[in-house]
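Structure, as structure tokens:
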Amino acid sequence: MPRPATVPMANDDPPWLSLKMREAMEAWLFLGPTLAGFLIFFAGPLVAVVGYSMTEWNLLSQQSTFVGLKNYSHALTENPDFWLVVRNSAIFALGLVPANMALALALAIALSRPFRGVVVFRTVFFAPVVTSAAAWAIVWKFLLQGEAGFVNQMLAYVGIAGPNWLREPNWAMVAVIATRVIKMVGLNMILYIAALQAIPRDYEAAARLEGASSWQIFTGITWPLLGPTTLVIMVITTIGSFKVFDHIYLMTGGGPENGTLVLAFAIYEQGFKFFNVGYASALAMIMFVIVMGLTLVQLAVRRRDT
Amino acid sequence: MSEFLTPRRLALISRICWTSALCVVAIPFLFPFLWMITSGVKSAAEIFGAPSLIPRHWQWHNYVEVFTYQPFARQYFNSLYISLSVTVLTLLFASLAGYALARMRFAGAAMVGLFLVSALMVPEEVTIIPNFFLMKWLGLIDTHVPLILLPVFGPHGIVATFLMRQYFMALPKELEEAGRMDGLSRLGVWWQVAIPLSKPALAAVAIITFLHSWNLFLEPLIFVSSLEKFTLPLALTNFTDPYGVPLWHLQLAATSLAVVPILIVYLIAQRQIIESFALSGVKG
């Protein structure tokens, strides 16, 4: 609502308060609770965690000393567990993100056009998303038990001796990734369906008239048009994969032999189980840098594209 | 051959193939729920016998034992009232702040927006350690206060704020201006004009907020230690014998009690719920 600056507005406000000032004051009041919460529970703690990460602080002895970047250098050069955590987190992300996105896209393509039963399928594939990770992990832990587990009993029927999924490091990682994909793929499926439905049908019809095959239509039209959505989904899913905690905590507890010890779990374990506050804070800062980097990449690519 | 495979029949056959393939893919999505529900009414012995989807002996007693093993009713109530509190507070603060960002002009508005966006980049795990000490200093460990305040003011609350801002910005300004002409204050316009027009956005925020709080795990694990203060996800993990071995029949019965009501609401309102998630995923 542009108004000429020179024409004074009639108002009933006290003369000492200009209209502009009054609006600003009201805005700050509206924002008050959110900003206060932001400063107390977010900005403050974020500054504090930087400070913590430069101290050696043991909760049991209640002693804290400033050690500069020692926690970081210790992690990078001396602590073999740190590189294990990095490796596990990378494997988790590299396993989860492509599997999740490929399945999400395949399901979205199958379910983006109306047919009888399409709503039923969408509802089924999305159901694990609204289910708590705790419940999901408990049931899958039950299904994936060694010999008595249902999955292995079914595999035995077809003559396959299934591994003791959650007790062998490599299989535990596979099991955690697979059950996490099933839990979360519905969300990406929905985002892909929305993107697919936004593509005008004329494009495909025109290409068909020209004699293009379905595969050519996908690679030449659909996939390029999905580009922005794919980027958003990739970043959201990658960030999500670095944040996975409850799933790991409940299914494997970071084990066996630290085979599923990922970053979020390591922060919890170092901070709240071993009380190494300084080292846990350094790990938290590393997570912060990773997530911020991914977000900035997304913003940069988005800006370039628009 | 070609007489048999008319285009219509070909289309039908391919439809059947597609639907069958989708059914196979759906098994790992659907089966855990079925198995959870039926195993919750099996005896401990039957659970480890030969697998059967339908219990041979329906042990409804599991559902009684769930409530006597630990204060499960109390824990259920905790989850319910905490999630409702988080939802109401998030709706209130997010719609107030969202309205200011969408409609009011003040010096520093862009700055405030940028600050809040930065919170979206930082996972709760990063700030959980300082927040623990903050709550400890405030004497709020083993209370429900952190479980209510942290989600309301955390990244999730910021997502809600931006969803509300987005929706307010798309509303026609004329109605609010008419409200001002009629002598309503800012707060009056927000409450009597903007909020009633924003029911779809409020519903979406309410749905994702309630589920977010209901499913929260890390925060209860860290802040709460006494049994009668547990929330549901934490309580579910607690059906174990003294050696930490899960009592599966009780655990699965309790998990069913926690999951099935949510699933029923989901089945009734699946369209609305899925759309709410799609909205928050795209915008957040």
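Values quoted throughout were computed directly from the atomic coordinates according to the rules given, and no laboratory measurement underlies them. Computed from a prediction, not measured in an experiment: that's the story for all the values here. Glycine gets a Cβ as well: all are built from the backbone with ideal geometry, and neighbour counts include every protein chain shown.
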Could you please report the charge total around A:L35, scoring K, R as +1 and D, E as -1 over all other residues with beta-carbon less than 15 angstrom from its beta-carbon? 0
Give me the net charge for the shell around B:P130: Cβ to Cβ below 13 angstrom, other residues only, Lys and Arg +1, Asp and Glu -1. -1
Karplus (6.51, -1.76, 1.60) ³J(HN,Hα), θ = phi - 60°, over region B:130-138, in Hz, Gly and Pro reported as x: x, 5, 4, 5, 4, 5, 5, 4, 7
What are the GluC sites (Glu not before Pro) within region A:106-214 that DSSP puts in a loop, where the Cβ has at most 16 other Cβ atoms within 10 Å? A:E147, A:E210
Debye, to nearest 20: dipole size of chain B, +1 on Lys, Arg Cβ, -1 on Asp, Glu Cβ: 640
Which net charge results for the neighbourhood of A:N79, defined as the other residues with beta-carbon distances under 14 angstrom from its beta-carbon, given Lys and Arg at +1 and Asp and Glu at -1? -2
Relative compactness, the protein assembly as shown, computed as alpha-carbon Rg over 2.2 N^0.38 Å: 1.06
Unit charges on C-beta of K, R, D, E only; dipole of the protein assembly as shown, Debye: 1140
In Hz, Karplus ³J(HN,Hα) per residue of region A:73-84 (6.51, -1.76, 1.60; θ = phi - 60°; x = Gly, Pro): 5, 4, 4, 6, 10, 10, 8, x, 4, 4, 5, 5
So if a site counts as exposed when it's one of the trypsin sites (Lys or Arg not before Pro), its DSSP state isn't H, G, I, E or B, and it has at most 16 other Cβ atoms within 10 Å, what's the longest stretch of chain B without one? B:106-284
Read phi for every residue in region B:27-44 and hand back ³J(HN,Hα) as whole Hz from Karplus 6.51 cos²θ - 1.76 cosθ + 1.60, θ = phi - 60°, with x for Gly and Pro. 3, x, 7, 8, 4, x, 5, 4, 5, 4, 5, 6, 5, x, 10, 9, 7, 4
Long-range amide H contacts for A:T55: which residues qualify at under 5 Å (H placed 1.01 Å from N, peptide plane, sequence gap of 5 or more or a different chain)? A:V67
Per DSSP H run of n ≥ 4, the term is -39500 (n - 2.57); total these for chain B, divide by its residue number, and report the mean residue ellipticity at 222 nm rounded to 500 deg cm²/dmol. -23000 deg cm²/dmol
Shape of region B:10-132 from its Cα gyration tensor (a ≥ b ≥ c, root eigenvalues): rounded if a/c is under 1.5, otherwise prolate when a/b > b/c, or oblate? oblate
Exposure proxy check: A:D246, B:D241, A:D81, B:D182 ranked by fewest other beta carbons within 10 Å? B:D241, B:D182, A:D81, A:D246
Of the listed links A:K141/B:K199; A:K141/A:K243; B:K136/B:K199; A:K141/B:K229; A:K243/B:K173, those spanning more than 30 angstrom between alpha carbons are A:K141/B:K199; B:K136/B:K199; A:K243/B:K173
Evaluate the charge dipole of region B:159-284 about its Cα centre and quote only its size in Debye, nearest 20, assuming +1 on the Cβ of each Lys and Arg and -1 on the Cβ of each Asp and Glu. 240
Pick out which of A:Q153, A:Q216, A:Q145 has the largest mean-square fluctuation in a Gaussian network model of chain A, springs linking Cα atoms closer than 10 Å. A:Q216
May I ask you to list the GluC sites (Glu not before Pro) in region B:1-69 that are in a DSSP loop and have at most 14 other Cβ atoms within 10 Å of their Cβ? B:E3
What list do you get for A:F275, A:F265 if you sort them by fewest beta carbons within 10 Å? A:F275, A:F265
Rounded to the nearest 10, the angle in degrees between the Cα long axis of helix B:155-170 and the longest principal axis of the Cα atoms of chain B comes to 60
Given region A:176-260 reduced to its alpha-carbon atoms as identical point scatterers, what log10 I(q)/I(0) does the Debye formula return at q = 0.15, 0.24 Å⁻¹? -0.69, -1.14
